[in-house]
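The structure appears below as structure tokens.
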Amino acid sequence: DQQVKQNSPSLSVQEGRISILNCDYTNSMFDYFLWYKKYPAEGPTFLISISSIKDKNEDGRFTVFLNKSAKHLSLHIVPSQPGDSAVYFCAASQPGNTPLVFGKGTRLSVIA
Amino acid sequence: ETGVTQSPTHLIKTRGQQVTLRCSSQSGHNTVSWYQQALGQGPQFIFQYYREEENGRGNFPPRFSGLQFPNYSSELNVNALELDDSALYLCASRSGLAVYNEQFFGPGTRLTVL
């Protein structure tokens, strides 16, 4: 039973255009959401997060949007750069000291 | 300041054997979490250690066990290895227990069970 779903295994985008990565969740108790980026042979690195009290959080080229009623979040990267090519994981947690639950990831390829 | 390191990088074992994976947490971090990432899957939480005590466990059998040492480094032990244990094992460290404190991952140990 997957609580965090990333339904697109891969995404290909032209350099300079917008990349939109999507994530759906089923557990309404989740209140904190994170995106991680993973390059080959490296561990995941934190990218951006959002609390359930917000619907948008922006950090430079990266923006995360949260739609609680739809149990959906998305990561927007504008403009996309070749160095953004990586696997992106969506993760969520419940209140308190609870572990992160990860999606399966989306492989983003930014083509020059 | 060094980041999270893991050893070994790669490991090949046979079914039924036992394995120990090691993780050195980032300086100042007293919480270490271990994850299993099977091929094509996201990281799955195994357990977490905080100040040398297990502080949370995922849906993994007891043959997965761990330790955290006074310097906050950690070990993951897996007994009676099964083919399905083949995966990338990631450890992550952070300061304290709050999920809002950024978690830093190591590069992982790739375990292959034949």
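Read-outs: derived from the displayed coordinates by stated rules, not from any lab. If you're wondering where the values come from, they're calculated on a predicted model, not measured in any experiment. FYI the Cβ positions are ideal-geometry reconstructions off the backbone, even for glycines, and counts take in every protein chain you see.
Things worth noting here:
- The lysines whose alpha-carbon is closer than 27 Å to the alpha-carbon of A:Lys5, local same-chain residues fewer than 8 away aside, are A:Lys37, A:Lys38, A:Lys54, A:Lys56, A:Lys68, A:Lys71, A:Lys104.
- Based on C-alpha pairs under 8 angstrom that are at least 6 apart in sequence, chain B has a relative contact order of 37 percent.
- Here the spin labels are modelled as points 7 Å beyond Cα on the Cα-Cβ line, and at B:Arg63 and A:Ser74 they lie 4.4 nm apart.
- Placing dummy labels 7 Å off each Cα toward the beta-carbon, the span from B:Thr14 to A:Phe46 is 4.4 nm.
- Only Cα sites of region A:3-73 enter the Debye sum here, all with the same form factor; the resulting log10 I(q)/I(0) across q = 0.17, 0.19, 0.22 1/Å is -0.72, -0.89, -1.15, listed in q order.
- Counted charge near A:Phe62, where neighbours are those whose Cβ lies closer than 10 Å (Asp, Glu -1; Lys, Arg +1): -1
- Cβ neighbours within 10 Å from other chains - mean over A:98-106: 6
- Partner chain coverage, peptide A:85-92 - average Cβ within 10 angstrom: 1
- Sorted largest first, the spans of the alpha carbon positions of chain B along the three principal axes are 37, 26, 26 Å.
- Phi angles across region B:17-29 convert, under the Karplus curve 6.51 cos²θ - 1.76 cosθ + 1.60 with θ = phi - 60°, into 3J(HN,Hα) values of 6, 10, 9, 10, 10, 10, 9, 9, 6, 5, 3, x, 8 Hz, Gly and Pro given as x.
- Reciprocal mean inverse distance between Cα atoms of the protein assembly as shown - Kirkwood radius, Å: 18.0 Å
- Simple spin-label estimate for B:Glu54 and A:Ser109 gives 4.3 nm between the two label positions (7 Å along the Cα-to-Cβ direction from each Cα).
- Chain A: most fluctuating residue of A:Thr45, A:Thr26, A:Thr98 per GNM, C-alpha cutoff 10 Å: A:Thr98
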